[in-house]
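Colleague: Sharing a structure, written as structure tokens. Questions coming.
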Amino acid sequence: MGIIDLPARLGDGLVQCAQNFNSDKLAGHLMSLVKIITKPTWSRNLLSGTTIGHPMHPMLTDIPIGTWMAASVLDAIGGESAQPAARTLIGTGIAAAIPTALAGLNDWGDTYGPETRIGLAHAAGVHGALALYGASLVARARGRGRFGKVLGFAGLGTLVASAYLGGHLSFTRAMVVNHTAFEERPGDWTDVAAESALDENPTIRVTAGSAAVLLHKIDDRVFALANTCSHMGGPLDEGAFADGCVTCPWHGSVFHLADGSIERGPATVPQPTYDVRVEDGRIQVRARA
């Protein structure tokens, strides 16, 4: 094993340990708690980032990671005069970690299988880092500055390992990314189905180019939008329809059929929609600009 391969091997080992972590019983209890916290629509939308159109958790992580790493730099090279600033940075990171953890729990509540176990290991690491930085702050306040630095560096190491797992979930497991981002939706009118196909069943899944499209008929109007849920890729044609909206069967995101806008998270990106017309008994769609 070359020195270049070492980080990748260590990362793979860390992920494998997280996947094998026997935590299903604990995960079940935490999932129940997350469902209680996110039951109100306002809470779900806020913690998911629906209200700002961007996942909340990744954005919030920048604050504790940035402040704690900056404190470690001051501990390493700043000298005694830098300690008041280091304490302030650590305290700021601790305060910011609370809403960050809540947003992370909200995202984790939509996982299953390996992602659930990796996410739980990620959360355990973050809370371990939080405990170490909290202990570091207490030690510094009691005049044990050297011991406080040791605890801070231990917290940094724990934080880096946890951040690796979080990055693995986002960029390798595609958790909380826009699952419609790379769809190739036709810009020209494309024939997808006979109008009569909606007579018996008002909801069907069709293909336009290479994109899966949901068709749903209400009275005499046909609505069309991307069938793949932008949140985690759920099949919207298997969802529930009411009040001009469709609810994803996987995690409960609610989209307006008319324009794809979000009524309820956890989705943060609206569903792509299509213009619809009927020509000679055939339904045609094209991607809406």
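Colleague: For Leu26, put the label point 7 Å out on the Cα→Cβ axis and report which residues of region 78-106 keep their amide N under 16 Å from it.
Modeller: Counting backbone N atoms under 16 Å from the label point, the list is 105.
Colleague: Taking 7 Å along the Cα-to-C-beta vector as the label spot, tell me the Ala242-Arg221 distance in nanometres, rounded to one decimal.
Modeller: So the label points at Ala242 and Arg221 sit 2.0 nm apart.
Colleague: Give the cross-link partners of Lys25 among the lysines, using a straight C-alpha distance below 29 Å as the criterion and excluding same-chain residues fewer than 8 apart.
Modeller: Qualifying lysines at Cα under 29 Å: Lys35, Lys39.
Colleague: Here's another thing I want to ask about it. On the full set of protein chains, 1.4 Å probe, figure out the accessible area of Ser81 and give it in Å² to the nearest 10.
Modeller: Looks like 100 Å² after rounding.
Colleague: What does the extension gain come out to for Ala82 and Glu184, with contour length at 0.36 nm per residue minus their alpha carbon separation?
Modeller: Separation in residues times 0.36 nm, less the Cα-Cα distance, equals 31.4 nm.
Colleague: About its Cα centre, what dipole magnitude does region 228-287 give when the only charges are +1 on Lys and Arg Cβ and -1 on Asp and Glu Cβ, stated in debye to the nearest 20?
Modeller: Taking the Cα centre of region 228-287 as origin, the dipole is about 120 debye.
Colleague: Here is a follow-up. Assign unit charges at the C-beta atoms only (+1 for Lys and Arg, -1 for Asp and Glu), then state the dipole size of region 122-251 relative to its Cα centre in Debye, rounded to the nearest 20.
Modeller: With Lys and Arg at +1 and Asp and Glu at -1, about 1960 debye.
Colleague: Here's something else I'd like to know. Ignoring ligands, DNA and RNA, what percent of the 1.4 Å accessible area of the chain is carbon and sulfur?
Modeller: 60
Colleague: How far is the Cα center of region 41-61 from the Cα center of region 171-240, in Å?
Modeller: Here the two parts' Cα centres lie 25 Å apart.
Colleague: With each pseudo-label sitting 7 Å past Cα toward Cβ, what's the Arg277-Tyr112 distance in nm, one decimal?
Modeller: Each label point lies 7 Å from its Cα, and together they span 4.1 nm.
Colleague: Probe of 1.4 angstrom, ligands and nucleic acids ignored: what's the accessible area per residue over region 31-184, in square angstrom?
Modeller: 49
Colleague: If region 95-225 were replaced by its equivalent ellipsoid, with semi-axes equal to the square roots of 5 times the Cα gyration tensor eigenvalues, what would those be, largest first, whole Å?
Modeller: Those come to 52, 14, 12 Å.
Colleague: At 1.4 Å probe size, put Phe153, Phe182 in order of accessible surface, largest to smallest.
Modeller: The ranking, largest first, comes out as Phe182, Phe153.
Colleague: Here's something else I'd like to know. Two decimals is fine: what is log10 I(q)/I(0) at q = 0.08, 0.11, 0.16 Å⁻¹ for the chain, from a Debye sum with one equal scatterer on every Cα and no solvent?
Modeller: -0.46, -0.75, -1.17
Colleague: Let me ask you something else. Sort Ile52, Ile204, Ile218 by heavy-atom solvent-accessible area, probe 1.4 angstrom, most to least.
Modeller: The ordering from most to least exposed comes out as Ile52, Ile218, Ile204.
The values are calculated or read from the model by the stated rules, or taken from the named source; none is laboratory data. For clarity, every value in this text was computed on a predicted model and none was experimentally measured. Glycine also receives a Cβ, built like all others from the backbone with ideal geometry; neighbour counts cover every protein chain displayed. Remember, those area values only see protein heavy atoms, side chains included, never the ligands or the DNA or RNA. Shrake-Rupley method; radii C 1.70, N 1.55, O 1.52, S 1.80 Å.
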